[in-house]
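See below for the structure under consideration.
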């Protein structure tokens, strides 16, 4: 009897197969699996099948949503603004995030590490580059929103500047995916039910602890700090601006200094800003559990990391990659207008006046940011 087996079986009955995880993995592949996972029982087949079904839904919902965003924003002249280059890049990151899900689905319906080391490396590489890329793209979008609202003349985005920021995003993300892929620093390994893969946060060595700490700072703390700073500045600027307008209106004995058109344009801007904050909040909500999980694995009590627990953040990242494009659809009048023209069977009814807001045309793009 394994240690603590009796306690475990009182809470969760032992699977009928009485197999441990990796029971169906060839001996040559076992070297790639952290020993931590090999002590847990194999989950019931229905758990694998349900997760596989969930990922099938994620795959189709995200690919359709992000595919529409990439298509419409790339081809519609009214949406080809510098700011929207960042939006397209975020959709590409989310799209890449979901392109790896067939590997997970195949592994789930094969009940384990079916595609082996090669499949694991592909899965983890795509997840690392798209996840970190999405985080930094969200930070760039937060910067763009900040400069648009707080410095509308000095900080105007140009296509050259936006393209340069996209190049910087990929230049920043790629090393963190290549280093563990080539096992120069860190490595990619299976986790949880051995159907998904990520960087190794369980290896107990100084080099690995340093890798986890550094990638935590660079891929989570840095974009998160930028997002929080820029959006806090936006809120501060808007509050101060509204206060100034109200004081000025009071002095002039009028109800408001805004014209009807100005108020309509501002309404569109506020909706777009809210969408940007929403997408960035989704990014924070999806990647924070993964960051905490990695820190526990490297520096905390590893017994807390059961296979089932580690599958939760893996699912939240994919869920956010599904939601992002639909946040654009809800919030961006121009995007909905283009969908209405190109896909009339969607029955989208966008008021023409709001969709033709000059402000939206020239200075904004739907904000995103992966998830996961």
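Every number in this text was worked out from the coordinates using simple rules, so none of it is lab data. Everything numeric in this text was worked out from a predicted model, so none of it was measured. Heads up, the Cβs are rebuilt from the backbone with ideal geometry, glycines too, and the neighbour counts pull from every protein chain shown.
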Residue separation between residue 340 and residue 225 times 0.36 nm, minus their alpha-carbon distance, gives in nm 37.7 nm
If I model a spin label as a point 7 Å beyond the Cα along the Cα-Cβ vector, how far apart are those points for residue 24 and residue 168 in nm?
4.8
By average Cβ neighbour count within 10 Å, what is the ranking of 310-318, 112-120 from highest down?
310-318, 112-120
One finds, for residue 151 and residue 109 with R0 = 51 angstrom and r their Cβ-Cβ distance, a FRET efficiency to the nearest 0.05 of 0.45
Got a sec? How would 137, 101 order by Cβ neighbour count within 10 Å, fewest to most?
101, 137
Can you tell me which of 204-215, 178-189 comes out highest on packing, and rank the rest after it, using the mean Cβ neighbours within 10 Å?
178-189, 204-215
State the extension gain, in nm to one decimal, for the chain segment bounded by residue 56 and residue 184, taking 0.36 nm per residue of separation less the distance between their alpha-carbons.
42.7 nm
Hey, with R₀ at 22 Å, roughly what FRET efficiency would residue 309 and residue 213 work out to, going by the Cβ-Cβ distance, to 0.05?
0.55
Taking 51 Å as R0, compute the FRET efficiency from the Cβ-Cβ separation of residue 246 and residue 75 and round it to 0.05.
0.75
Proxy exposure order for 49, 172 (fewest C-beta within 10 Å first) is 49, 172
For the pair residue 158/residue 35, report the inter-label distance in nm, with labels modelled 7 Å from Cα in the Cβ direction.
5.9
Residue exposure sequence - 109, 146 - by fewest surrounding Cβ within 10 Å:
109, 146
